Amino acid sequence: MQEALAEARESAASGEVPIGAVLVHEGRILARAGNRTIRDCDPTAHAEIVALREAAKIFGNYRLVDTTLYVTIEPCSMCAGAMIQARVPRLVYGAAEPRGGAVQSCFEVLSHPELNHRVQVTSGVLASECSEVIQSFFAVRRQQTRQ
């Protein structure tokens, strides 16, 4: 999760919403990314999607079996759907996202009973650090808009 936090901090420094993702396979980092929606002019360039795309190219397969995705903030529905399509078996995330989290907070995409793929979820890992990064980012942004 520390590596995902580093990606989130880099995203913040670039003016992106600070969310970081790291995909691990057999104990080593396969792919890592921060949000790039502004930089890439791409609404789908969330950290999770960017990392999944990179990993699929490295794997030579869109199915990312035997991997764990570490994300600083609870994934949205798009990212949760991408994890299902990629057959990611495990998700570890830091802080909940009450306004759009699609794992446990707002929606429960990964645990829908009709799905043919299940994702093991561990939440709350370094939650306070993950929350702090995103809360600080938006506090600064709000202050800038007041000036």
| task | May I ask you to list the residues in the stretch 77-96 that are open to solvent by less than 10 Å² (accessible area, probe 1.4 Å) and of a type in the set (Ser, Thr, Tyr)? | result | Tyr93
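Okay, residues lined up against (1) within 23 Å of Gln2 (Cβ to Cβ); (2) more than 11 Å from the chain's Cα centre (by Cα); (3) at pLDDT 95 or above:
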residue: Arg32; (1), (2), (3): yes, no, yes
residue: Cys41; (1), (2), (3): no, yes, yes
residue: Glu48; (1), (2), (3): yes, no, yes
residue: Pro75; (1), (2), (3): yes, no, yes
residue: Val92; (1), (2), (3): yes, no, yes
residue: Glu129; (1), (2), (3): yes, yes, yes
residue: Phe138; (1), (2), (3): yes, yes, no
| request: Might you check whether a residue that is without any contact (Cβ under 8 Å) to a residue 60 or more places away in the chain, open to solvent by 10 Å² or more (accessible area, probe 1.4 Å) and touching a Ser or Thr at 6+ places or on another chain (Cβ under 7 Å) occurs anywhere in the stretch 14-28? | output: yes
| message | Pull out all pairs, ordered by first then second residue, where Cβ-Cβ is under 9 Å, the residues are six or more apart or on different chains, the first lies in the stretch 57-83 and is touching a residue at least 60 places away in the same chain (Cβ under 8 Å), and the second is in a helix (DSSP H, G or I) and among the charged types (D, E, K, R). | response | Tyr70/Glu3; Val71/Glu48; Thr72/Glu7; Thr72/Glu129
| said: Yes or no: the stretch 102-120 includes at least one residue that is within 19 Å of Ile49 (Cβ to Cβ), touching an Asp or Glu at 6+ places or on another chain (Cβ under 8 Å) and free of Cβ contacts under 8 Å to residues at least 12 places away in the same chain. | reply: yes
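Residues are listed down the side, and each one gets a yes or a no for (1) within 25 Å of Phe137 (Cβ to Cβ); (2) crowded, with 21+ Cβ neighbours inside 10 Å:
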| position | (1), (2) |
| --- | --- |
| Gly34 | yes, yes |
| Asp40 | yes, no |
| Leu64 | no, yes |
| Val71 | yes, yes |
| Pro98 | yes, no |
| Ser105 | yes, no |
| Leu110 | no, yes |
| Which of the residues belonging to the stretch 118-135 are in contact with a Leu (Cβ under 9 Å, 6 or more places away or on another chain) and open to solvent by less than 60 Å² (accessible area, probe 1.4 Å)? | Val119, Val121, Thr122, Ser123, Leu126, Cys130, Val133
| Scanning the stretch 29-53 for residues that are free of Cβ contacts under 8 Å to residues at least 24 places away in the same chain and touching a strand residue (DSSP E or B) at 6+ places or on another chain (Cβ under 9 Å), which turns out farthest from Gly101 (Cα to Cα)? | Arg53
| Considering only residues of the stretch 85-135 that are aliphatic (A, V, I, L, M) and in a helix (DSSP H, G or I), which is nearest to Val24 (Cα to Cα)? | Ala86
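The values are calculated or read from the model by the stated rules, or taken from the named source; none is laboratory data. Predicted model, so just to flag it, every value in this text is computed and none were measured. When we count neighbours, we look across all protein chains shown, and the Cβ atoms used for this are built from the backbone with ideal geometry, even at glycine. Ligands, DNA and RNA are excluded from the accessible area calculation, which covers all protein heavy atoms including side chains. Shrake-Rupley method; radii C 1.70, N 1.55, O 1.52, S 1.80 Å.
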